[in-house]
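Since the structure comes first, as structure tokens, the remarks are kept for the end.
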Amino acid sequence: MNSAFLRFRLRQAGKFIREIPVIYLVILTGILLIAGIALYQFTKDLHGSLIIAGILLVFLSLIQWRRKDYHFIYLAEEKAWKVFSMDYLLLSLPVLIIISVNSFWYVSLAIIVGCISLGFIKQPFHRTKKGMNSPKWIPAEAFELRSGIRQYGGLLLILYVSAWIGLLLPFASLASLWFFTVIVSDIFRFSEPVQILCSQERPVNRFLHGKLRLNLKLFLCATIPVCAIYTLLYPEHWWFILTFLTAVSLNITLFIINKYAHYLPNTKITGGQVPITIAVISIFFPVLLPVVLFFLVKNYLAARRNLTTYLYAYNPESTSRI
């Protein structure tokens, strides 16, 4: 069964790669090479290797907790833990190789044990529930954030609290804020109905700029206090904090712009996942930020063209012609 599953995953990976446009594939390959070199440099000492191993295992545990095929695999396979463990070992393979090359084989062994252990974590049945109430101070216009708090509120709260606790260690709180940003990205993957889109009766430019200002303000109100305390505790990292805040701001901006570049009423956004992935990685690899800016400008122009179809009546030029 394990060999058949491995072949299935390799076929899936091959199909995914074939669907990526060549130009994006070239860019993505270059980005992965840069990320691999940066990871190699960061894991040259034991402290860096342990940080990467910890971040990897936390990320994989979030996947195990949220994966949508868990119950299907659990019912279809007698030893479902083998399937889950194989998935996590495949995802961890690049990190395992790099850490092993740096001679920290015992850290690689700990990752392998962690991947196998994650396979035994049981995911509860997600019953329909109201979820966590959104704070009243979040305005109705930020409906994505309000909906995201109802859906992921518990997880977001855990990550935010861990960011404050993580101030005791260098970079730990920033890793929590990185996961926090990844969860927020999923909030902007669903398109609202046209009625909500048009409810503010704004032209395209005002609508987009207002959306960006509101969501960036709310997100930065949560992240800046943590980053400010971090800077006071580790003043030698001030340049990294500035880069980090720039990167997360670009991420939130790209999440929103990408949503409206591919907007269709009442649908889940599936386009633009390559730029989103690059943006999320760029938080810890600032060399990728120019690529994020390129996609941001490209998607901004696409979003304006796409929204004009729905908000045309509110453009000053159109009303002057009536």
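In the stretch 226-251, what residues are in contact (Cβ under 8 Å) with a residue 60 or more places away in the chain, surrounded by 22 or more Cβ atoms within 10 Å (Cβ to Cβ) and of a type outside the set (Phe, Trp, Tyr)?
Of everything in the stretch 226-251, those that are in contact (Cβ under 8 Å) with a residue 60 or more places away in the chain, surrounded by 22 or more Cβ atoms within 10 Å (Cβ to Cβ) and of a type outside the set (Phe, Trp, Tyr) turn out to be Val248, Asn251.
Return yes or no: is Thr246 part of a loop (DSSP other than H, G, I, E, B) and closer than 25 Å to Trp178 by Cα?
On the way: part of a loop (DSSP other than H, G, I, E, B): no; closer than 25 Å to Trp178 by Cα: yes.
Spelling it out, it is not the case that Thr246 is part of a loop (DSSP other than H, G, I, E, B) and closer than 25 Å to Trp178 by Cα.
Just to be sure I understand the filter: pairs with C-beta atoms under 8 Å, separated by 6 or more residues or on different chains, first member in the stretch 155-170 and without any contact (Cβ under 8 Å) to a residue 60 or more places away in the chain, second member open to solvent by less than 40 Å² (accessible area, probe 1.4 Å) and in a loop (DSSP other than H, G, I, E, B). Which pairs pass?
Once the first residue is without any contact (Cβ under 8 Å) to a residue 60 or more places away in the chain and sits in the stretch 155-170, no partner that is open to solvent by less than 40 Å² (accessible area, probe 1.4 Å) and in a loop (DSSP other than H, G, I, E, B) comes close enough.
Suppose the filter is over 25 Å from Ser134 (Cβ atoms), touching a helix residue (DSSP H, G or I) at 6+ places or on another chain (Cβ under 7 Å) and open to solvent by less than 70 Å² (accessible area, probe 1.4 Å); does Ala313 pass it?
For Ala313, the condition - over 25 Å from Ser134 (Cβ atoms), touching a helix residue (DSSP H, G or I) at 6+ places or on another chain (Cβ under 7 Å) and open to solvent by less than 70 Å² (accessible area, probe 1.4 Å) - is not met.
What are the residues in the stretch 182-223 that are of a type in the set (Gly, Ala, Ser) and open to solvent by 30 Å² or more (accessible area, probe 1.4 Å), if any? Show your work before the answer.
Narrowing the stretch 182-223 to residues of a type in the set (Gly, Ala, Ser): 185, 191, 199, 210, 222.
Of everything in the stretch 182-223, just one residue is of a type in the set (Gly, Ala, Ser) and open to solvent by 30 Å² or more (accessible area, probe 1.4 Å), namely Ser199.
Restricting to the stretch 242-276, name every residue that is hydroxyl-bearing (Ser, Thr, Tyr) and under 21 Å from Phe171 (Cα atoms). Step through it out loud before you land on a result.
Let us first name the residues in the stretch 242-276 that are hydroxyl-bearing (Ser, Thr, Tyr), namely 243, 246, 249, 253, 260, 263, 267, 270.
Result: Thr243, Thr246, Ser249.
Of (1) in contact with a Phe, Trp or Tyr (Cβ under 8 Å, 6 or more places away or on another chain); (2) modelled with pLDDT of 75 or more; (3) under 30 Å from Pro275 (Cβ atoms), Ile97 satisfies all except one. Which?
Tallying (1) in contact with a Phe, Trp or Tyr (Cβ under 8 Å, 6 or more places away or on another chain); (2) modelled with pLDDT of 75 or more; (3) under 30 Å from Pro275 (Cβ atoms), Ile97 fails exactly one: (1).
Which residues, counting only those in the stretch 76-98, are closer than 18 Å to Ile55 by Cα and touching a residue at least 40 places away in the same chain (Cβ under 8 Å)?
The answer is Asp87, Leu90, Pro94, Val95, Ile98.
Just one of Ile73, Ile138 is in contact (Cβ under 8 Å) with a residue 40 or more places away in the chain and open to solvent by less than 40 Å² (accessible area, probe 1.4 Å); which is it? Explain how you work it out, then say what you get.
Working: Ile73 fails: in contact (Cβ under 8 Å) with a residue 40 or more places away in the chain.
When all the criteria are applied, what remains is Ile138.
Within the stretch 174-205, count every residue that is part of a helix (DSSP H, G or I) and either among the polar types (S, T, N, Q) or more than 20 Å from Tyr300 (Cβ to Cβ) (or both). Walk me through it before giving the result.
From the stretch 174-205, those part of a helix (DSSP H, G or I) are 174-187, 194-197, 204-205; that's our starting set.
Subset that is either among the polar types (S, T, N, Q) or more than 20 Å from Tyr300 (Cβ to Cβ) (or both): 174-183, 185-186, 194-196, 205.
Matching residues across the stretch 174-205 total 16.
State all residues of the stretch 145-181 that are among the β-branched types (Val, Ile, Thr) and open to solvent by 40 Å² or more (accessible area, probe 1.4 Å); if no residue qualifies, say none. Before the answer, list the steps.
Initially, the stretch 145-181 is screened for residues among the β-branched types (Val, Ile, Thr), giving 149, 158, 161, 165, 181.
Passing the criteria: Ile158, Val161, Ile165.
Based on what the data block shows, is Leu264 open to solvent by 20 Å² or more (accessible area, probe 1.4 Å), touching a Cys at 6+ places or on another chain (Cβ under 8 Å) and aliphatic (A, V, I, L, M)? If you could, list the steps in order and put the result at the bottom.
Details: open to solvent by 20 Å² or more (accessible area, probe 1.4 Å): yes; touching a Cys at 6+ places or on another chain (Cβ under 8 Å): no; aliphatic (A, V, I, L, M): yes.
No.
Need at least 3 residues that are modelled with pLDDT of 80 or more and in contact with a helix residue (DSSP H, G or I) (Cβ under 7 Å, 6 or more places away or on another chain) per element, so show me which helices (runs of 4 or more DSSP H) inside the stretch 22-82 make the cut, counting only ones lying wholly within it.
22-42, 46-66
Consider Phe284 against the criteria (1) of a type outside the set (Ser, Thr, Tyr); (2) in contact (Cβ under 8 Å) with a residue 24 or more places away in the chain; (3) part of a helix (DSSP H, G or I); (4) closer than 30 Å to Gly166 by Cα: it satisfies all of them except one. Which criterion is unmet?
Result: Phe284 fails condition (3) only.
Among the listed residues Leu159, Leu208, Leu145, Leu167, which satisfies the condition of being closer than 27 Å to Ser85 by Cα and either outside any helix (DSSP H, G or I) or among the hydrophobic types (A, V, I, L, M, F, W, C) (or both)? Explain how you work it out, then say what you get.
Values: Leu208 fails: closer than 27 Å to Ser85 by Cα; Leu145 fails: closer than 27 Å to Ser85 by Cα; Leu167 fails: closer than 27 Å to Ser85 by Cα.
Selected residue: Leu159, the only one of Leu159, Leu208, Leu145, Leu167 that is closer than 27 Å to Ser85 by Cα and either outside any helix (DSSP H, G or I) or among the hydrophobic types (A, V, I, L, M, F, W, C) (or both).
Looking at (1) part of a helix (DSSP H, G or I); (2) surrounded by fewer than 14 Cβ atoms within 10 Å (Cβ to Cβ), which is the only condition Asn133 fails?
Unmet condition: (1).
The values are calculated or read from the model by the stated rules, or taken from the named source; none is laboratory data. Just so it is clear, the structure is predicted and the values come from calculations on it, not from any experiment. A quick note on method: Cβ atoms are made from the backbone with ideal geometry, for glycine too, and the neighbour counts reach across all protein chains shown. Keep in mind that these areas ignore ligands, DNA and RNA; they rest on the heavy atoms of the full protein, side chains included. Shrake-Rupley method; radii C 1.70, N 1.55, O 1.52, S 1.80 Å.
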